[in-house]
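Since the structure comes first, as structure tokens, the remarks are kept for the end.
The values are calculated or read from the model by the stated rules, or taken from the named source; none is laboratory data. Remember, predicted model here, so these are calculated numbers, not experimental data. Cβ sites come from the backbone with ideal geometry, for glycine too, and all protein chains shown count toward neighbours. Surface areas here come from the heavy atoms of the whole protein model, side chains and all, with no ligands, DNA or RNA. Shrake-Rupley method; radii C 1.70, N 1.55, O 1.52, S 1.80 Å.
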Amino acid sequence: MITFKNVNKSFASHQVLKNINFEINQGEAFCLLGKSGSGKTTLLKMINKLIYPDNGSVFIEGKDAKSINDISLRRNIGYIIQSGGLFPHLKIRDNIAISLKLDGKSKDQINHRVKELIVQIGLDENYLDRHPITLSGGQQQRIGIARAIANNPSMILMDEPFSALDPILREQMQNDFINMTALKNTTKVIVTHDIDEALKLGNRICLLENGEITFIGTPQEFLSSENQNVINFLGEESNILKIKHTPMSQMGDQEKLNYIPDTYEEVNDQTNIIQVFNSNNAYVKNTSNGNFYSIKSIKDHFITHLGKVL
Amino acid sequence: MKQLFKYFSENHIEIWSQVLEHFQLTLLSISIASIIGICIGALISSKRNLANLFLSFINILQTIPSLALLGFLIPLIGIGTFPAVLALFIYALLPIVRNTYTGISEIDSSIIEAGKGLGMTNFQLLIKLELPLAIPLILAGIRTASVINVGVATLCSLIAAGGLGESIFGGISLNNTQMILAGAIPASLMALCFDGMFGLMQKISGKHIKLSITLFGLLVFINLIGFIPKRPDSRLVAGFNSEFINREDGFVGLDTLYDLPVEIKELEIGLLYRALDSKKVDFIDGFSTDGKIEAYDLTLLEDDKNYFPPYFAAPIIKTETLRKFPQIERAFNKISGKINNVQMAQMNFEVDQNKVSPADVAIDFLTSLQIKTKKIEGASNPQIIIGSKNFTESYILAHIFGQLIEAETGLKVGLKTGFGGTKLLFDALDNGEVHIYPEYTGTGFLVILKPEKTLVKELLRDKKRLNNYLFNEFRKKYGITWLDQLGFNNTFAIMMRKEQAERLNIKSISDLSNYLKN
């Protein structure tokens, strides 16, 4: 469990975090969502003490982080950054093993664990003796994850983990990440600027704007929120194609089918629908009961129902 | 070419030992500079402000001319291997520190952040990430430094540290091309070897960091083992310049006549007196009119067996130039025979001790002969160029010559002073780059003409015949004319600190020989 209490931070005269208070629960995937400059990365780095708060405190498992030694704290927290941050002079094997070596594990233990990890992240042992530069961006990011979880940290911090990847690979990595059983009980704190990623990966989403928390809640709550900040954020995001408020009563049957095929039975003519489209996904909200429904993919949707590809 | 091979085969033992000395000097200094330089580079890489300050500081060290640095080190730490290595170390430091610093500060910040996030301590970051990643650049710095140092190390022979400079400077002063090449060629090859070796390490360092570090360590280790300091094996230590050591009429003949079993340190001519004064050596070779004799409170040892040949100074000039400007000869008539030993020593003293400029000393002298002169301003296209060698007396005479010509003939005069040896200056005269310079009869006879040994013995006894031979040969062989001699005889001399000479009761070279033999 991670708790922020009255945390403030300024760089020079610019205040990047203003009186931050929130909690992250054990085992949840917590997304820090915000535009660049919103303070989300600063917030993340306070958890493993790469940045210290000006005032206020961060509590890790109930203990004030100030009282924990920086190095031993970081050893217990996995850290994954955007570009992977792999060490180019070390083989994949040694990259993954670095935290185990720092912990002073024996050679056999390390070997065993490395082999276990490479399979868990969906690669095979042939990769172990290669250097990072010979791997694709996606593979490098997988190695980054393996390295971060090698010594079974109780939490991992991820700073824009998949942003550098192309859209198709990004989606695949996100799916793999969700399904990774090794991470099931690990607390995950994920920084992203991508709504889709936040909606997909997060158990809860925390929206940050100009150093202030404007919203915390589940993805469903996020999309159904009447919070003006959330609505603005959705509207301003350039990759959201359209937000449309349409009373169900004004739709034809075929149209209803097109938009909400999985959940048709839950919707009646009295339902107000908000549709949110972007290039990958469509979300649909019933404003009358607050329920949230997702359409798997707008591409699938159009292929299935309209017979053509966008 | 044939001569060169002959020289190599006749002197291969000496050349090889010079190569070894040279290699050791370079590698030892590079090793120390690498270790310290990398440490400094790593230290300052975390502190930008300190880094700039520090880098500009060693930048300044780097700009000190090498010979000046060596001269500066003599009173502090003496002569020999240690100051040589220290000087080379200073020159090697900048490229290594700068490359280490650049190498570390240019590492992708995300890599360092990842390392920190994994819980590495600062030391672990340095050892596991920063240094390994900076190694190619660090090696490039070491590579640059080693090539620079092979070059600078040739100068180390001037402060008795040995190396290939002994051949190079000996060759320059003896007018011996083969000898110069015997030093220069191995030095170039060595520079290429260092370049290739570190280049190779740099190439493989990307993949085989451990291998390249081990290789370098091994090299340093071998070098350190081979480095056995030489111990003095005589009661007194002599400091001679390379010309004196190698010349027939220098130490070679002196030793034959007097028998002087002594350890010799080879030193640059300008550094001899400081070495003697700071008691790094006990006697040196010098010239009898040298102003430093008085300045440093030295005693000239009497040449009781009349060994040293006559060295009367005179202007020498291309006959062609003289034909074009015959008025020059008339001008020089005004000072011929006008400077005796005492006067010359006094002028040298003014410059060496009282820090009067050679130009002002020249003005004072010419004024005493009622010749009105002024400093040479250095015309952009001079009609007459006066040369000088790189010691005080030669500078003064060059100024006297120049001012005299300007005052008496109105020709525009330029100066090219400080030639590093007889050969260089004489070649310049021969090629017409210099038109006149002060030369000594003994040097002209023995160094430039290089006559047979029997002829040398014969002529050295007869001053008149010697002069005739000298003047005729120069006119015939080179088209160069000796003008009238100035009067003083600046021959070689052996000198000691007055205090030590009196304490040991050494007055003549024979006394010295007796003292050394007991």
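Roughly speaking, what is the centre-to-centre gap between the range B:406-421 and the range A:66-121 when only Cα atoms are used, to the nearest Å?
Each part reduced to its Cα centre gives a spacing of 75 Å.
From zero outward in steps of 5 Å, how is the percent of C-alpha pairs of the range B:2-226 spread across the bins?
Distribution as computed: 1, 7, 13, 17, 17, 14, 11, 8, 5, 3, 2, 1, 0, 0 percent.
Rounding to the nearest 10 and keeping the result within 0 to 90°, find how far the Cα-based axis of helix B:12-45 lies from the longest principal axis of chain B.
On a 0 to 90 degree scale, this one is about 50.
How big is the accessible area of A:Asp103 in square angstrom, nearest 10, if you roll a 1.4 angstrom probe over the protein chains?
About 60 Å², rounded to the nearest 10.
To the nearest whole percent, what portion of all C-alpha pairs in the range B:444-518 is separated by more than 16 angstrom?
More than 16 Å apart: 65 percent of the Cα pairs in the range B:444-518.
Could you please state, rounded to a whole Å, how far the C-alpha centre of the range B:453-470 is from the C-alpha centre of the range B:259-295?
If we compute the Cα centre of each part, the gap is 29 Å.
For helix B:463-478, what angle does its Cα long axis make with the longest principal axis of chain B, in degrees from 0 to 90 and rounded to 10?
60 degrees
Across the residues of A:148-155, average count of Cβ atoms on other protein chains within 10 Å?
Counting other chains' Cβ atoms within 10 Å and averaging over A:148-155 gives 1.
Rank B:Ser56, B:Ser205, B:Gln327 by how far each Cα sits towards the positive end of the charge dipole of chain B (+1 on Lys, Arg Cβ; -1 on Asp, Glu Cβ) and give me just the farthest.
It is B:Ser205.
Could you order peptides B:35-42, B:321-328 by the average number of other Cβ atoms within 10 Å of their residues, highest first?
Packing proxy ranking, top to bottom: B:35-42, B:321-328.
Which is the longest stretch in chain B that no exposed loop site breaks, taking sites as GluC sites (Glu not before Pro) with a DSSP loop state and at most 11 other Cβ atoms within 10 Å?
B:1-376
Counting partner chain Cβ atoms within 10 Å of every residue's Cβ in B:116-127, what's the average?
If you average over the peptide's residues, the count of other-chain Cβ atoms is 6.
Sequence gap at least 6, Cα distance under 8 Å: using those rules, report the relative contact order of chain B to the nearest whole percent.
Value for chain B: 17 percent.
Can you give the Rg/Rh ratio of the range A:1-134, where Rg is from the C-alpha atoms and Rh is the Kirkwood radius?
Taking Rh as the inverse mean 1/r over Cα pairs, Rg/Rh reads 1.04.
Using square roots of five times the C-alpha gyration tensor eigenvalues, list the equivalent-ellipsoid semi-axes of chain B in whole Å, biggest first.
Its equivalent ellipsoid spans semi-axes of 49, 27, 22 Å.
Sort all Cα-Cα distances of the range B:313-490 into consecutive 10 angstrom bins from zero, then give the percent of pairs in each bin up to the one containing the longest distance.
10, 40, 37, 13, 1
Using the C-alpha atoms of the range A:2-223, what convex hull volume per residue, in cubic angstrom, is computed?
124 Å³
Per residue, how much accessible area does chain B have with a 1.4 Å probe, in Å²?
Counting only protein heavy atoms, the per-residue value for chain B is 45 Å².
Ordering B:Ile96, B:Ile222 by how much accessible area each has at a 1.4 Å probe, largest first, what is the list?
I get B:Ile222, B:Ile96, largest accessible area first.
Debye sum, Cα scatterers, the range B:425-480, no solvent: what log₁₀ I/I(0) at q = 0.30 1/Å?
Ignoring solvent entirely, the Cα scatterers give -1.33.
Suppose all protein chains stay in the model; what accessible area per residue would a 1.4 Å probe give for the range A:1-157, in Å²?
Heavy-atom SASA per residue in the range A:1-157 reads 42 Å².
For Cα pairs less than 8 Å apart in space and 6+ apart in sequence, what is the mean separation divided by the residue count of the range B:2-226, i.e. the relative contact order in percent?
So the answer I get is 28 percent.
Run the quick spin-label model on A:Ser57 and B:Arg330: label points 7 Å from Cα toward the beta carbon, then report their separation in nm to one decimal.
10.5 nm
Using only protein heavy atoms and a 1.4 Å probe, report how much of B:Ser45 is accessible, in Å² to the nearest 10.
20 Å²
Provide a whole-number value for the mean count of partner chain Cβ atoms within 10 Å of the Cβ atoms in peptide A:88-100.
Partner Cβ neighbours, averaged per residue: 3.
Could you tell me which of A:Phe177, A:Tyr52, A:Gly122 has its Cα farthest along the dipole of the range A:2-223 towards the positive end, charges placed at Cβ (Lys, Arg +1; Asp, Glu -1), taken about the Cα centre?
Toward the positive end, the furthest listed residue is A:Tyr52.
What's the magnitude of the charge dipole for the range B:313-490 around its Cα centre, counting Lys and Arg as +1 and Asp and Glu as -1 at the beta-carbon? Answer in Debye, nearest 20.
Its charge dipole is roughly 460 debye.
Could you tell me how many degrees, from 0 to 90 and to the nearest 10, lie between the Cα long axis of helix B:209-226 and the main elongation axis, the longest principal axis, of the Cα atoms of chain B?
Helix B:209-226 sits roughly 40 degrees off the main axis of chain B.
What is the Cα convex hull volume of the range B:78-118 when expressed per residue in Å³?
Enclosed volume per residue, from the Cα hull, is 73 Å³.
Can you tell me the Rg and the Dmax, both Å, for the Cα atoms in the protein assembly as shown?
According to the Cα coordinates of the protein assembly as shown, Rg and Dmax are 42.2, 136 Å.
When only C-alpha pairs under 8 Å and at least 6 residues apart count, what is the relative contact order of the range B:369-450, in percent?
36 percent
From the backbone phi of the range A:2-7, what are the Karplus-calculated ³J(HN,Hα) couplings (6.51 cos²θ - 1.76 cosθ + 1.60, θ = phi - 60°) in whole Hz, Gly and Pro given as x?
10, 10, 9, 10, 6, 7
Along the charge dipole of the range B:349-476, which of B:Leu466, B:His435, B:Ala398 sits closest to the positive end, that is, farthest toward it, with unit charges on the beta carbon of Lys, Arg, Asp and Glu (+1, +1, -1, -1)?
Result: B:Leu466, furthest along the dipole toward the positive end.
Measure off, as a whole percent, the carbon and sulfur share of the 1.4 Å-probe accessible area of the range B:313-490, all protein chains present.
Reported share for carbon and sulfur atoms: 47 percent.
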